[in-house]
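What follows is a short report on a single structure.
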There are 2 protein chains.
Amino acid sequence: MTRMMSLGLSMRYLGYHAAAWRHPEVDPGGASDLAHFAEVARLAEAATFDMVFLADGIGIRAKDEPAGSLCQSAQTAELEPLTLLSALAALTSRIGLVATASTTYNEPFHVARKYASLDRISGGRAGWNIVTSWSDAEAQNFNRDSHLDYATRYERAAEFVEVVKGLWDSWDGDAFRHDKAAGVFFDPAKLHVLNHAGKHFKVKGPLSVARSPQGRPILVQAGASEAGMEIAAGSADVVYAVPHDIDTARTYYAGLKRRVAAQGRDPAHLKIMPGITPFIGRTEAEAREKYDLLNALVAPELGLSYLYGQMGDLSGHPLDGPVPEPNDPKVRSIAQNLLTLARREDLTIRQLYTTIAAGFGSRILIGTAAQIADEMQDWMEREAADGFNICPPALPIGLRDFAAEVVPELRRRGLFRTDYAAATLRGHLGLPMPASRYGTPVMPSR
Amino acid sequence: MTRMMSLGLSMRYLGYHAAAWRHPEVDPGGASDLAHFAEVARLAEAATFDMVFLADGIGIRAKDEPAGSLCQSAQTAELEPLTLLSALAALTSRIGLVATASTTYNEPFHVARKYASLDRISGGRAGWNIVTSWSDAEAQNFNRDSHLDYATRYERAAEFVEVVKGLWDSWDGDAFRHDKAAGVFFDPAKLHVLNHAGKHFKVKGPLSVARSPQGRPILVQAGASEAGMEIAAGSADVVYAVPHDIDTARTYYAGLKRRVAAQGRDPAHLKIMPGITPFIGRTEAEAREKYDLLNALVAPELGLSYLYGQMGDLSGHPLDGPVPEPNDPKVRSIAQNLLTLARREDLTIRQLYTTIAAGFGSRILIGTAAQIADEMQDWMEREAADGFNICPPALPIGLRDFAAEVVPELRRRGLFRTDYAAATLRGHLGLPMPASRYGTPVMPSR
């Protein structure tokens, strides 16, 4: 039997293409506007996506390097994920709502509380994408000069997640008796005080929010690094995997599922959903035109800014000439990845920055709906993915294309639902209710 | 000419009366339910209130003292203010949305960002009630054993507010040019980096949210303590004042307005809005019945828990007998306030805890709509208040009474608006757009 896929929609900024805001049909102010996101979320809900997803950084990561590039970037102003998704919870009824929150510059009590609240507000549709913060730009907004080292970040993240999960178990599902006659608001045996005391956090609890309608909010993880994969294997419900070619993806998939099993969990209960950025046309040529149109809108300074961190300032070189060896000794050791890519694919400077600007690490697919569905089906059947995080190049137009062309094709093939069968995000993903650490009922009484 | 009053609605939990959840017409699960708050906010908007307001604590402050009291308290589970008000922003269109956030266990970047986002989501209706956290219960959720001392809390709060205001000035109102042809997303001269480095915080900025539609969100303060009054005089747009008798209130009002003027601000630009908890009947006797009905629903253990912190455990004494001198030496020095009140008003133990349970520090008014309007008018005319923060004993019923009976009475007297004249909370309050610290335009281009 064909496995059904899960679909997420990534909707940060105005889509994944750096020049999306310049597209003639895109509203450049959309990322600061609730109406834009309401339209996107409703489109995704009409197409029965499992969830919408908001990536996040706590600050503006882009630097003005080379000078003059920052003012060309739309990745400078946006709405904050938890406030935005709470508003969208009121404007949608079925679709899951996944927001990113960093474990590096937050406190677990705040995160547990806000996501528990979003989960109740949305009737069991909340998810938390667990990340660590790695940029100096963010560190400098939180009393530091530079970001925490990798090991400390992930050690803190692992403990952070444990505390949050513990706080979410504060109340049994049937704790609130609301017995007006007896004057008993809750059953004291069904309230649990966490009393966590660890290396990074000391958190007493209990949480002041009733249990989640889905037991606890869904946990999402990038699962890219070694430490990230361990957190994912132990706790995550969904992972946004990274590999772009199917062989690497299959190896990653099998390895992560083994880790899940090794932690005593059912491997089917972790959904691996790699990101794809689809350019869709009625013909392959039309899809390519859509790709080229956006690429032509990447201003040179902005394009060069995506190379700056790894290759230094390439402003002096012809954009349509070969990618030079960097002169700057600071970057020579980290330039190799991009340089190897440029040499292998024989890319000019413009072509090199365009490959970054077009998808920011998401896998780019250019073709007809049937071709894109073929590719997705192949990844499903060969166990490289359990679903996909769709990262349209521009919003809402890229989502409209996907919903109108690819979703019906996936449905015809029996790969994707035709309607929602569940009320919660956990239900859409087909995941069981998690057990409370106290072995007590997890279903809320209301 | 009669001054028009401002009206806020305080809607935490199920109203200000401790036994509200046991009232036959109240939904005991309402404080965990978006639908309850949506009904309350829409009622308040239909009555053209300036704003709804959510008090907050980051944890459950109530203790199980005497044992068995905590499970009788509805002040144990609720939705988190910022997520809740973001959802309500999508379900309302005119009313202001004021959420409390503590300066003690938060970071200014998070607070600046979330309120800026709520402000954009709501089209300029956000307000921040600035508080410090004073309970050990909250401290223990944030890596501490006990709460910070008063001086440190307020010093931190003052710097926190300055950083937040600075971050809100990151973008001029017309910074985003969105010039697709030229490829210029924003004008770099209109982006300001804060670079704050102070005693408690080092925050570089800029904020990653565009400027607020109302220049900046409205700032609210309790203004109760000396240090709080200084912060309020320097920065607040609204103060929830404390005094219960009109002479003390007039002195407070005049004093605070003088402090505002001393800081170079127009005293009219700080609105003083004391809290009142109205019990409204067609006759005074009916109003008194409503008061007595709720009071009779305060379970003895719960009632005694409100005396416990100041008077120790009075469980052994007859509830309808006189209030005894506390035996516990730990509380003898702090028991005097309540003891003096009990002696002066000749209160029994039950009557003493009921006066607390009925309003939690809010001023209780029991009478007909005309009597309550008289009282409010008197406070307005004699410059004891610029408006009121209505704290109904139970929700939504207490708000329904107020909207149906008192609001029309206030309108007949020309004391309250008959319809909204503005689109933003700042507009409802009649406050001018604040100047940016950079002397640049504050109105957003969109």
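In chain B, the longest principal axis of the Cα atoms and the axis of helix B:246-262 are about 20 degrees apart.
The trypsin sites (Lys or Arg not before Pro) of the stretch B:178-212 that meet both conditions, a loop assignment by DSSP and at most 10 other Cβ atoms within 10 Å of the site Cβ, are B:K199.
Each listed q (0.14, 0.17 Å⁻¹) maps to a log10 I(q)/I(0) for the stretch B:377-446 from the Debye sum over equal C-alpha point scatterers, namely -0.66, -0.84.
Mean partner shielding of peptide B:139-146, defined as the number of other chain Cβ atoms within 10 Å of each residue Cβ, is 6. In the frame of its principal axes, the stretch A:56-210 has Cα extents of 70, 41, 20 Å, reported largest first.
Summarise the accessible area of chain A (1.4 Å probe, protein heavy atoms) by the percent that is carbon and sulfur. Spell out each step's value before the answer.
Details: 8200 of 15980 Å².
Exposed carbon and sulfur together represent 51 percent of the surface.
Amide H to amide H, with H built 1.01 Å from N, A:V184 comes under 5 Å of A:D179, counting only residues 5 or more places away or on other chains.
Sorted shortest first, the separations between the A:G414 label point and its copies elsewhere in the assembly read 7.8 nm; each point sits 7 Å from Cα along the Cα-to-Cβ line. The string of couplings for the stretch B:309-321 from the Karplus curve (6.51, -1.76, 1.60, θ = phi - 60°) is x, 9, 10, x, 7, 9, 4, x, 9, x, 5, 9, x Hz, one whole number per residue in order, with x for Gly and Pro. Remark: accessible area buried at the A-B interface is about 6400 Å², both chains counted, probe radius 1.4 Å. Computed over chain B with a Gaussian network model linking Cα atoms closer than 10 Å, the most mobile of B:G223, B:G198, B:G387 is B:G198. Each copy carries B:A254; placing its label point 7 Å along the C-beta direction from Cα gives inter-copy distances of 8.6 nm, listed from smallest up.
Students often get this wrong: which residues of the stretch A:146-187 have the backbone nitrogen under 20 Å from the point 7 angstrom along Cα-to-C-beta of A:Q310? Label zone hits: A:150.
Roll a 1.4 Å probe over the protein chains and send me the accessible area per residue for the protein assembly as shown in Å².
Details: 31920 Å² over 892 residues.
I get 36 Å² per residue for the protein assembly as shown.
Semi-axes of the equivalent ellipsoid of the protein assembly as shown are 50, 31, 25 Å, computed as sqrt(5λ) over the eigenvalues of the C-alpha gyration tensor in descending order.
For the stretch B:63-85, which residues drop by 40 square angstrom or more in accessible area between the chain on its own and all protein chains together (1.4 Å probe)? By number: B:C71, B:T76, B:A77, B:E78, B:L79, B:E80, B:T83.
Viscosity 1.567 mPa s, temperature 4 °C: Stokes-Einstein D of chain A from its Kirkwood Cα radius, in µm² per second?
Details: Rh = 23.0 Å.
It comes out at roughly 56 µm²/s.
Suppose we keep just the DSSP beta bridges with both residues in chain A; what percent of those would be antiparallel, to 5? Numbers along the way, then the final one.
Working: 6 of 39 bridges.
Just about 15 percent of them are antiparallel.
For the stretch B:334-413, applying the loop criterion from DSSP together with a ceiling of 13 other beta carbons within 10 Å to the trypsin sites (Lys or Arg not before Pro) yields B:R382. Between copies, the label points of A:D378, set 7 Å from Cα on the Cα→Cβ line, lie 8.3 nm apart, reported in increasing order to one decimal in nanometres.
Shape analysis of the stretch A:237-380 based on the Cα gyration tensor places the equivalent ellipsoid semi-axes at 33, 23, 11 Å, largest first.
Result for chain B in a Gaussian network model with C-alpha springs under 10 Å: among B:L319, B:L302, B:L82, the largest mean-square fluctuation is at B:L319. Starting from the Cα-Cα distance between B:E230 and B:E325, subtract it from 0.36 nm times their residue separation and give me the gain in nm to one decimal. Between B:E230 and B:E325, full extension yields an extra 30.5 nm.
With both labels modelled 7 Å from their Cα along Cα-to-Cβ, the B:A46 to B:A151 distance reads 5.3 nm. Counting only protein chain heavy atoms and rolling a 1.4 Å probe, the accessible areas of A:D33, A:D386 rank, largest first, as A:D33, A:D386. Multiplying the residue separation of A:Q263 and A:V193 by 0.36 nm and removing their Cα-Cα distance gives an extension gain of 22.6 nm. Amide H contacts for B:K271 (H built 1.01 Å from N in the peptide plane; partners 5 or more residues away or on another chain; cut-off under 5 Å): B:V238, B:V239. Positive contributions from Lys and Arg (+1) and negative ones from Asp and Glu (-1), summed over other residues with Cβ under 10 Å from the Cβ of B:T92, come out at +2. Going 7 Å from the Cα of A:Q351 along its beta-carbon direction, which residues of the stretch A:58-99 have the amide nitrogen within less than 14 Å of the resulting point? In the stretch A:58-99, the label zone of A:Q351 (backbone N under 14 Å from the point 7 Å along Cα→Cβ) covers no residue.
Distance between the 7 Å Cα→Cβ label points at A:R332 and A:A67: 2.6 nm. Between A:G96, A:G414, A:G173, the Gaussian network model of chain A with springs among Cα atoms under 10 angstrom shows the greatest mean-square fluctuation at A:G414. Using θ = phi - 60° in the Karplus curve 6.51 cos²θ - 1.76 cosθ + 1.60, the 3J(HN,Hα) couplings for the stretch B:113-129 round to 5, 5, 6, 4, 5, 4, 5, 5, 4, 8, x, x, 10, 8, x, 10, 8 Hz; x is entered for Gly and Pro. Pairs on different chains or at least eight residues apart, Cα atoms closer than 22 Å: how many lysine pairs in chain A fit? Lysine pairs, 8 or more places apart or on different chains, close enough: 14. The phi-based Karplus calculation (6.51 cos²θ - 1.76 cosθ + 1.60; θ = phi - 60°) puts the 3J(HN,Hα) values of the stretch A:287-295 at 4, 4, 4, 5, 5, 5, 4, 5, 4 Hz, whole numbers, x for Gly and Pro. Just the Cα atoms of the stretch B:58-115, one point each, no solvent: what log10 I(q)/I(0) does Debye give at q = 0.15, 0.17, 0.18, 0.21 Å⁻¹? Once normalised to I(0) and log-transformed, intensities are -0.64, -0.75, -0.79, -0.91. Against the compact-protein benchmark of 2.2 N^0.38 Å, the Cα-based radius of gyration of the stretch A:290-356 scales to 1.05.
The values are calculated or read from the model by the stated rules, or taken from the named source; none is laboratory data. This one's a predicted model, so the numbers in the text were calculated from it and none came from an experiment. No Cβ is skipped: glycine too gets one built from the backbone with ideal geometry, and neighbour counts run over all protein chains shown. What goes into the accessible areas is simple: the full protein's heavy atoms, side chains included, and nothing from ligands, DNA or RNA. Shrake-Rupley method; radii C 1.70, N 1.55, O 1.52, S 1.80 Å.
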